[in-house]
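Comments concern the structure below.
The values are calculated or read from the model by the stated rules, or taken from the named source; none is laboratory data. Model, not experiment: these values are computed from the prediction. Here the Cβ positions follow ideal geometry from the backbone for every residue, glycine too, while neighbour counts run over all protein chains shown. Surface accessibility is based on the protein's heavy atoms, side chains included, excluding ligands, DNA and RNA. Shrake-Rupley method; radii C 1.70, N 1.55, O 1.52, S 1.80 Å.
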Amino acid sequence: MEQTLNVLDIIDGTSVDGPGLRTSIYFAGCDHHCPGCHNPESWDPKGGTPTTVAQLLQHIAENNMPVTLSGGDPLQQDSQALLSLLKGVKALGLDLWCYTGYTYEHLLSDPQRRPLLDYIDVIVDGPFMLPLRDTSLIFKGSYNQRLIDVRKTGQGKISLWESDF
């Protein structure tokens with residue numbers, strides 16, 4: 001049986017979910033239920049359309065743009081199917097960002113989700129917090145969220161992504 005992920009939408013050529021023009025994939029399912037969430041219709045894990053990893057990779061390859069995973073919370077999808085997608089994106093040589101309500105530290109301690117970090121270039125971590133909302137922030141909604149450069153982050157020291165524009 002082919003691995004599937006529940007996809008709400010795919011936006012090609014967006015510039016709001018990371019630097020440059022990107023393919024952003026929005027996944028169904030999020031149990032963080034952050035007050036003030038900009039996308040509460042994404043919370044239902046049974047929402048969206050079951051889409052095979054192969055279909056997603058074909059779409060991504062045709063666009064040949066960096067990829068952002070959002071939602072919902074992409075890390076609440078089936079971890080093995082998501083791992084296959086991440087490996088495929090990296091095999092295409094594409095930059096990969098991921099938005100999640102989990103903190104980086106939580107992901108490091110989660111045996112199912114920890115392997116996903118090996119394929120993500122930048123993770124935007126932490127729940128959206130309405131009292132810390134600021135629309136002037138780049139690629140995040142509230143001050144508590146971090147844009148972590150996973151490639152530069154080492155043992156015990158988190159490196160934040162820095163804009164070159």
Yes or no: region 135-158 includes at least one residue that is of a type outside the set (Val, Ile, Thr), over 20 Å from residue 20 (Cα atoms), exposed (fewer than 14 other Cβ atoms within 10 Å of the Cβ) and touching a Ser or Thr at 6+ places or on another chain (Cβ under 6 Å).
no
For residue 2, indicate whether it is out of contact with any Ser or Thr (no Cβ under 6 Å at 6 or more places or on another chain), among the acidic types (Asp, Glu) and surrounded by fewer than 22 Cβ atoms within 10 Å (Cβ to Cβ).
no
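Here's the yes/no breakdown for (1) open to solvent by 10 Å² or more (accessible area, probe 1.4 Å); (2) basic (Lys, Arg); (3) closer than 20 Å to residue 152 by Cα; (4) at pLDDT 95 or above:
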site	(1), (2), (3), (4)
49	yes, no, no, yes
55	yes, no, no, yes
62	yes, no, no, yes
85	no, no, no, yes
107	no, no, yes, yes
For residue 74, the lone unmet condition from (1) farther than 27 Å from residue 36 by Cα; (2) surrounded by 17 or more Cβ atoms within 10 Å (Cβ to Cβ) is (1)
Any residue that is of a type in the set (A, V, I, L, M), within 14 Å of the chain's Cα centre (by Cα) and closer than 23 Å to residue 44 by Cβ - is there at least one of those in region 121-144?
yes
Which numbered condition residue 98 fails, given (1) within 19 Å of residue 17 (Cβ to Cβ); (2) surrounded by fewer than 18 Cβ atoms within 10 Å (Cβ to Cβ); (3) not aliphatic (A, V, I, L, M):
(2)
Criterion (touching a residue at least 12 places away in the same chain (Cβ under 8 Å) and more than 17 Å from residue 11 (Cβ to Cβ)) met by exactly one of 45, 74, 131
45
